[in-house]
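Below you'll find the structure, written out as structure tokens, and then a few comments.
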Amino acid sequence: MRRICQQIKSILLYPLKLISWPFRKIHNFVTYEPEDTSLPDALSETIQHPAVLVEHLNDLRKHLFRGFLALAIATLISFAFATQIVDWLAAPIGGIQALQAIEVTESVGAFMRVSLLSGITLAFPFIAFELFMFINPGLKRAERVFLILASPAAGLLFIAGMAFAYFILLPSALPFLLNFMGIATVPRPANYIQFVTGLLFWIGIAFQFPLIIFALSNLGLIKAKTLLQGWRYAIVGMAVLAAVVTPTIDPVNMALVMAPMIVLYFFSILLAAFAQRNYSRRKKKEARQPSDN
């Protein structure tokens with residue numbers, strides 16, 4: 001009789017367990033804490049037991065394979081929209097009809113380049129997730145939560161950098177480039193697509209700087225005071241980077257690239273101060289835990 005009652009109870013509770021299963025998995029995923037092992041101990045254990053390293057390499061192979069598969073699928077999907085994307089990238093100069101190819105395979109190369117970059121953009125969240133799942137077993141709870149929250153922030157910053165390059169930088173740089181010395185230029189698909197995609201990519205990467213600084217400060221690797229004291233060197237470095245990234249050599253377009261970098265740098269100092277305070281508070285809490293036990 002007791003067994004029958006238990007079976008009836010399990011049947012009645014099964015829908016609740018099914019509904020709560022995702023929430024329990026998320027809770028276990030976030031609250032899981034790895035064993036606190038120092039780096040020398042981890043290396044010593046790996047040397048004594050090489051099978052551990054082989055197991056990690058096998059896991060890495062599986063994650064890389066799934067990431068590559070996602071990239072291949074996203075690239076194939078991008079084939080259907082590559083022409084529209086090229087037309088959108090060429091909008092600042094009048095659309096795709098403003099491009100003129102002089103080689104037989106030039107248009108095909110531009111098509112493939114745009115498809116691949118679009119595939120990388122589409123597959124990037126999944127690739128980042130696979131990378132996160134590989135390093136997840138060695139992360140502490142605070143580090144795991146930070147990475148989960150930082151992933152969408154990185155995507156938004158990358159999109160903001162690309163939008164800045166497309167809507168502000170390109171419209172001001174292209175008239176200078178296409179009519180330099182009064183010589184009209186007819187852009188080629190390969191050269192123009194490489195130029196635009198490279199500019200969008202590197203400006204998007206530059207917009208990741210605040211998040212990188214925040215992450216390093218959150219790990220205690222850099223301090224806001226150090227950043228503030230080295231602002232002169234930082235501006236010189238940003239000037240060099242702007243000269244490399246900027247498509248023109250005139251100071252106006254260099255200033256357009258440097259201006260957001262300078263703003264992002266000082267914004268990074270504020271984020272570093274906030275992260276440094278959290279890092280100090282976390283260390284004090286960890287130092288009190290042994291005495292409480």
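Inverting the mean 1/r over all pairs of different Cα atoms, compute the Kirkwood radius of segment 71-187 and quote it in Å.
Radius from the Kirkwood sum: 17.1 Å.
Taking the highest mean first, how do the peptides 81-90, 205-214 order by number of other beta carbon atoms within 10 angstrom per residue?
205-214, 81-90
Tally Lys/Arg at +1 and Asp/Glu at -1 over every other residue whose Cβ is under 15 Å from the Cβ of residue 123; what's the total?
Value of the local net charge: 0.
Based on alpha-carbon atoms only, what is the radius of gyration of segment 137-251 relative to the globular estimate 2.2 N^0.38 Å?
1.38
Report the full-extension gain for the segment residue 126 to residue 180: residue separation times 0.36 nm, less the Cα-Cα distance, to one decimal in nm.
So the chain would gain 15.2 nm between residue 126 and residue 180.
If you find the alpha carbon centre of segment 58-86 and of segment 93-155, how far apart are they in angstrom?
Answer, in whole Å: 9.
Name all residues of segment 261-288 having a backbone nitrogen under 18 Å from the label point set 7 Å from the Cα of residue 216 along its Cα→Cβ direction, giving them as ranges.
The answer is 261-280, whose backbone nitrogens lie closer than 18 Å to the label point.
How large is the direction-averaged shadow of the alpha-carbon convex hull of segment 191-284, in nm²?
Average of the hull's projected areas for segment 191-284 equals 6.4 nm².
Answer with one residue from 222, 201, 112: the one whose Cα lies farthest towards the positive end of the charge dipole of segment 78-235, charges on Cβ with Lys, Arg +1 and Asp, Glu -1.
After comparing all options, I get 222.
All of the numbers you see were taken from the coordinates with simple rules; none came from a lab. Since the structure is predicted, the reported quantities are computational estimates derived from the model, not experimental observations. FYI the Cβ positions are ideal-geometry reconstructions off the backbone, even for glycines, and counts take in every protein chain you see.
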